[in-house]
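Have a look at the structure below before the remarks.
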Ligand code: SF4
């Protein structure tokens, strides 16, 4: 049995069933992105998508049967997930893991599902809910200008069908930055899309890319991003710190001096300016991407504002050697938060790593290398 799946989904959809409705990205020009480079965009025929949903149902039924055979009363546990993967391969592992985590969420791939006709999307979403009645959250990625082109009625129709959340790469609210990285959208597109989505009752999650303005535009990047967020009040913003990848146009811009990357401290200072500038919003800030130095930077405004700024100030006030230790420990996966440095075993382990790479002076190059592996 086969289901077609795309390469990525948001970190928060790790436990979702992945259903691919389009292939790749219809824009595919962002200077920092290599996800779909060289790949052709296409819409999948609706009938093929519906067939994938039916196949997922058959796989789910087989996994539950396996859970009975193994004496777990049909309950899918970690052992059933392992066994399903070992016996039948990755797809069964994916569906079994989805059932293990509740089997309630579905993510529609790839980069911009709203390019489909609204009636096609409504049909796909309706079919998922019919075939999997326990599903209570269906989400997708969309580009701002595509979402802005949908009418309020179309977005409401999608929400009524069951589209609960749209994940959108905002990256920046500064037009100068959006233009420089060839995002193909403007702050006005973001605002229009954001307002329409929220008015339709669909949850909106914007992805912000700290560092994307480089030294050249860091301040505008922070302030204008905050200003668009203030005007649209998205449900979530998620930080996903920039990592400049080789074989992207942004890497070439960096090589020829048009783009100067920020260091770790400058990125955190930029995040501080952004959070400090958020006013009158009830947005939840999430830092769940591995690329973020301060993963603990999470909370809901306005109540958590001082705590969030306190986390940033705690990091910025660390002594230089402690900062180097934290940066490496975080990037090496030893620390999740600054409190982890209090654990003597972890701290000493990271000291050993620092020594191995040649001390804090060699850290910058090593951190860029590690960060590139995360994308
Ligand atoms: S819209 Fe998204 S997927 Fe497409 S090129 Fe830009 S960042 Fe990459």
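The values are calculated or read from the model by the stated rules, or taken from the named source; none is laboratory data. Bear in mind that the values here come from a model prediction, so they are computed numbers and not experimental data. As a convention, Cβ positions derive from the backbone with ideal geometry for all residues, glycine included, and neighbour counts pool all protein chains shown.
A few remarks follow.
- Residue within region 98-108 that is within 16 Å of the ligand (Cβ to nearest atom) and at pLDDT 95 or above present: yes
- Qualifying residue in region 216-236 (condition: over 19 Å from the mean Cα position of the chain (by Cα), touching a residue at least 60 places away in the same chain (Cβ under 8 Å) and crowded, with 22+ Cβ neighbours inside 10 Å): no
- The set of residues in region 163-189 being surrounded by 24 or more Cβ atoms within 10 Å (Cβ to Cβ) and at positive phi consists of 171 alone.
- Taken together, 197, 185 contain a single residue that is assigned by TED's automatic domain parsing to the domain that holds residue 290, in a loop (DSSP other than H, G, I, E, B) and modelled with pLDDT of 95 or more, which is 185.
This table checks each residue for (1) surrounded by 16 or more Cβ atoms within 10 Å (Cβ to Cβ); (2) within 16 Å of the ligand (Cβ to nearest atom); (3) touching a residue at least 60 places away in the same chain (Cβ under 8 Å).
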{"position": "21", "(1), (2), (3)": "yes, yes, yes"}
{"position": "24", "(1), (2), (3)": "yes, yes, yes"}
{"position": "36", "(1), (2), (3)": "yes, yes, yes"}
{"position": "48", "(1), (2), (3)": "no, no, no"}
{"position": "54", "(1), (2), (3)": "no, no, yes"}
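- Residues of region 313-332 satisfying the condition of being free of Cβ contacts under 8 Å to residues at least 40 places away in the same chain and within 24 Å of the chain's Cα centre (by Cα): 326, 328, 329, 330, 332
- Selection count, region 117-153, where residues are away from the ligand (no atom under 16 Å from the Cβ), outside any helix (DSSP H, G or I) and within 29 Å of residue 175 (Cα to Cα): 3
- Here the condition is being free of Cβ contacts under 8 Å to residues at least 40 places away in the same chain, under 19 Å from the mean Cα position of the chain (by Cα), within 21 Å of residue 292 (Cα to Cα) and not in a helix (DSSP H, G or I); of 212, 245, 204, 178, it holds for 204 alone.
- Inter-residue pairs, beta-carbon under 7 Å, first closer than 20 Å to residue 25 by Cβ and in region 106-127, second in a helix (DSSP H, G or I) and within 16 Å of the ligand (Cβ to nearest atom), 6+ apart: 107/13; 112/146; 114/146; 114/147; 115/146; 121/113
- Condition met for residue 64 (assigned to a helix (DSSP H, G or I) and in contact with a strand residue (DSSP E or B) (Cβ under 9 Å, 6 or more places away or on another chain)): no
- Which numbered condition residue 310 misses (of (1) within 24 Å of the chain's Cα centre (by Cα); (2) in the same structural domain as residue 250 (by TED's automatic domain parsing)): (1)
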